Amino acid sequence: MRLLALIKKELLTIKNDKRNLFLVFGAPLIQLLLFAFSINLDVKNINLAVFNQSGGEKSFEILRKFDGSNYIKSVKLVKSYDEGARLIDTQEVIALVVLPPNFGKTSQKIQLILDGRRSNSAQITQGYIASMLNSEPSLIEARNLYNPNLNNFWWILPNIFGSITLVTSVVLTAMSVARERELGTFDQILVSPLTPLEIMLGKLLPALLISIFISSIILFITFFIFKVPLVGSLWLLYLGVVIFLFSICGIGLFISSVANTQQQAILYSFVFLLPSFLLSGFATPVENMPSWLEPATDFVPLKYYIVFLRSVFLKDISFMQSLEYLAPMFALGVISFFVAMLFFKRRNG
């Protein structure tokens, strides 16, 4: 009877704790949906550019094959190499197919120019196109931009760099306020003359500085041990690092402001981290995800950071071009920081 009473008490405790109730029942269901729809190792929804210099029947037959493929989402016809290269540069397409003049009448090769920044997807795309043309007498001459040898380290290390700093920064900030509450020292901070803004900045800046230091160590290993080249500028890379870490620390502060204990803070952090990995394009391309799920990826800072890192490492991206990735990360950081401050004021005002 005493054991049954204890079991009843524990069940009632879980039932009455709304936050833990969500962690127990809600989080696994959300993760199941994300795993089922976001993890897809096939490369689908491929966007191609085609420079058709031929205009003959054979070339239009190939275009019809592309249009009828289940793996190709769109085919954009371009009028020059430069136009196709620009589409690859902006990641609007993953490959440019160049059909030479008099295609089908001579033994000229089909040129295939791929985006080497997405080396895994580029290799699979090349295989798809080769299989679609296996009945043609022409050969394919493939070339990879930004990563000529499709070196796996050049592709995966920027992803790993982003994911490691993500985990470090969110856990550091998520435990900051919760740790003070658990140790009983938070009341001392509340009675001090510090404003809520100063308290939140005091919690954010140390975690931000530590995360930048850890990022510098990882960058040193990436450059000098794994020999990943940095084609872009170092100052732009560090600007992106600081903005990304600011956005993640803001989210960490929000988690910390709603958590009562460090254990809750860690659990909430992993509820945030898993969807971030799944929806960022870290493991599988965002283009492979269902159309209804893709808008959710716009709220994941890691998505912008991974693309930014690849662009800076493997391509000399300019500051104006980088704003496409830096501005959303900064906006998400500002929003999460002020939402965290509002929750903090509400709970301690």
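The values are calculated or read from the model by the stated rules, or taken from the named source; none is laboratory data. Since the structure is predicted, the reported quantities are computational estimates derived from the model, not experimental observations. Don't worry about glycine lacking a Cβ; one is built from the backbone with ideal geometry, like all the others, and counts go over all protein chains shown.
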I'd like the full set of residues that are of a type in the set (A, V, I, L, M, F, W, C) and either surrounded by 17 or more Cβ atoms within 10 Å (Cβ to Cβ) or touching a residue at least 12 places away in the same chain (Cβ under 8 Å) (or both), limited to segment 340-349. ALA340, MET341, PHE343, PHE344
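From the set of residues in segment 115-141 that are more than 21 Å from ASN288 (Cβ to Cβ) and of a type in the set (Gly, Ala, Ser), which is modelled with the lowest pLDDT? Let's see the steps before the verdict.
Initial filter on segment 115-141 (more than 21 Å from ASN288 (Cβ to Cβ)): 133-141.
Subsequent filtering for residues that are of a type in the set (Gly, Ala, Ser) retains 135, 138.
Values: SER135: 47, SER138: 53.
Restricting to residues being more than 21 Å from ASN288 (Cβ to Cβ) and of a type in the set (Gly, Ala, Ser), the top hit is SER135.
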How about segment 289-302: which of its residues are buried (at least 22 other Cβ atoms within 10 Å of the Cβ) and at pLDDT 85 or above? VAL300, PRO301, LEU302
Among the residues of segment 37-60, is there at least one that is in a loop (DSSP other than H, G, I, E, B), out of contact with any Phe, Trp or Tyr (no Cβ under 7 Å at 6 or more places or on another chain), modelled with pLDDT of 85 or more and over 27 Å from LEU278 (Cβ atoms)? no
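Can we say GLY250 is in a loop (DSSP other than H, G, I, E, B) and of a type in the set (Gly, Ala, Ser)?
On the way: in a loop (DSSP other than H, G, I, E, B): no; of a type in the set (Gly, Ala, Ser): yes.
The answer is no for GLY250.
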Some residue of segment 97-114 being surrounded by 13 or more Cβ atoms within 10 Å (Cβ to Cβ), farther than 30 Å from PHE270 by Cα, modelled with pLDDT under 80 and in contact with a Lys or Arg (Cβ under 7 Å, 6 or more places away or on another chain): yes
Can you find a residue that is surrounded by 15 or more Cβ atoms within 10 Å (Cβ to Cβ), among the hydrophobic types (A, V, I, L, M, F, W, C) and not in a helix (DSSP H, G or I) anywhere in segment 255-268? yes
Here is a list of conditions, (1) farther than 25 Å from TRP154 by Cβ; (2) surrounded by fewer than 20 Cβ atoms within 10 Å (Cβ to Cβ), and PHE337 meets all of them except one; can you say which number that is? (2)
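For every residue, the table says whether it meets (1) under 29 Å from VAL307 (Cβ atoms); (2) not polar (S, T, N, Q).
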| residue | (1), (2) |
| --- | --- |
| ILE62 | no, yes |
| LYS73 | yes, yes |
| SER80 | yes, no |
| VAL98 | yes, yes |
Give segment 288-327 a look and list any residue that's without any contact (Cβ under 8 Å) to a residue 40 or more places away in the chain, more than 16 Å from the chain's Cα centre (by Cα) and part of a loop (DSSP other than H, G, I, E, B), or say none. SER291, TRP292, SER318
